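Just below is one structure, and these are the notes that go with it.
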Amino acid sequence: MPNPPAGTNPSARPSTDDELLKLVTSFGVAPAAPQEQVETPYFSSTLEVPTGLAAPQNAKLTITVNYSVWFVDRNTLAGRAVRDNVGNAVMRDGSRTLFRLLDWDSRAWPYFKRQFEKAAEFWNNRFRLRTPDEYSGLSYPTLGGAGVPWRPDVDCYLRLTTNAKIPTQLVVYAVRPETFDGGDPNYREFRAITSLHRSHRPAAEMFLPMNLKGDSAHDLQVFAHEIGHVIDANGFRRDHIGSRLGTQGCFEDDNAPVCYNEPPGVPPNIMGIGMGLLPVNADGWQTAIEKHTGVSKFKWEAVVR
Ligand SMILES: [Zn+2]
C-alpha cells in the first residue's frame, strides 16, 4: 500500500474547520454530487452510485426506454397503414416503397417480442465510461489510510420497459411486409424507419419489419440498429457509424451508403450492417452522463466491454 501523501493522513484528527475542509477536498468528496435521474425526450436515465465502500463497485448508468408495440395489419391499421382497393393493409417503408402487410398471428407475435427483447439486450452492459480525473462527484475517500480517493468507473445499461402508468417514449409499429411493387430495385426488403420528434410525444416511433424468411440474425441486427437510433440522446440523427466517425458526406446525409461503413479491419458495426461495437457507439450514455454530472461527454472515455 502506498504511503499517504503528506497532510492527508486520515488517522490524523483535523483540529480546525480549515483543516477539515482541506482533508475533505483532498479526498475529493466535496461538491458536485451527480444528479440521480435525468430525462431526455427519448429516455430516462438513472445513475446509481456505489454505496458499499468496502467492496469497490462501479457506478451504474441505466438508460430506460418505456415503449409500446402495435402489431399493424388489416385488423389494426394503427393510423399508420392504409387499405388498398382489395382490402389489404399496405405501408411505405424507409425507401418510400409500398409493401403489402401480412396479418399477425399467434406464432409471429411472440417471435417478434422475443427478437425485440434480445435486440435491447444487445446494448445492455456493453460499455464502461472512465470517470475523468477532473470530476470529483464520484470520488470516495479510501478507507484504510491510503489517502488516495477511489473513483469508480461507470457501467452502462439499457432497459426497455412496457409500463402503461408512465408516458410512452417509443412506439414500435411491427409489420410483416410481403410484397414489393416496383420502385427502387436495390431495396426489395422493407427498410425499417425510426423517427425522432423533439417536440411531441411519443418522441420516437419505429417501424420494424419481421423478416419472413425466418432469418432471426438479420432481424436481430435490424432491431438492435434501430434501437441504436433511439438511444442517441440528442435526436441529432447522425448515428450511423460513418457519421459517428466523421466520414465525408455523412453530415449532409446520414443515410448515404458510405455512412454504414466502418474503417477496414474492424468488425461491421451495429450502426452499419453488422453487430460490432466501437466506443463511438456509447454516445447515448456519454450524453446522459453529461446531464447527470455537468461534465462534457467528450471527457468520458468509453470502453467496449
Ligand atoms: Zn439506421
For this session: Please find, among Cys259, Cys250, the residue that is part of a loop (DSSP other than H, G, I, E, B) and buried (at least 21 other Cβ atoms within 10 Å of the Cβ).
Result: Cys250
Exercise. Which ones in the stretch 54-71 are part of a strand (DSSP E or B) and more than 13 Å from Val175 (Cα to Cα)?
Worked result: Ala59, Lys60, Leu61, Thr62, Ile63, Thr64, Val65, Asn66, Tyr67, Ser68
Seminar exercise, completed: When every residue in the stretch 139-161 that is modelled with pLDDT under 95 and hydroxyl-bearing (Ser, Thr, Tyr) is compared, the one farthest from Met210 (Cα to Cα) is Thr142
For this session: Can you work out which of the residues in the stretch 81-93 that are surrounded by 16 or more Cβ atoms within 10 Å (Cβ to Cβ) and touching a residue at least 12 places away in the same chain (Cβ under 8 Å) is farthest from Glu117 (Cα to Cα)?
Result: Asn88
Problem set entry | Condition broken by Gly242, with the remaining ones in (1) away from the ligand (no atom under 12 Å from the Cβ); (2) over 16 Å from the mean Cα position of the chain (by Cα) satisfied | (1)
Seminar exercise, completed: Given the conditions (1) in a helix (DSSP H, G or I); (2) within 14 Å of the ligand (Cβ to nearest atom); (3) over 13 Å from the mean Cα position of the chain (by Cα), every one holds for Phe223 apart from (3)
For this session: Take the residues in the stretch 263-302 that are surrounded by 17 or more Cβ atoms within 10 Å (Cβ to Cβ) and acidic (Asp, Glu), then tell me which one is farthest from the ligand (Cβ to nearest atom).
Result: Glu290
Problem set entry | Only one of Thr97, Thr131, Thr76, Thr162 that is exposed (fewer than 15 other Cβ atoms within 10 Å of the Cβ) and of a type in the set (Ser, Thr, Tyr) | Thr162
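The values are calculated or read from the model by the stated rules, or taken from the named source; none is laboratory data. Since this is a predicted model, take the numbers as computed values, not measurements. Note that each Cβ is placed from the backbone with ideal geometry, even for glycine, and that neighbours are counted across all protein chains shown.
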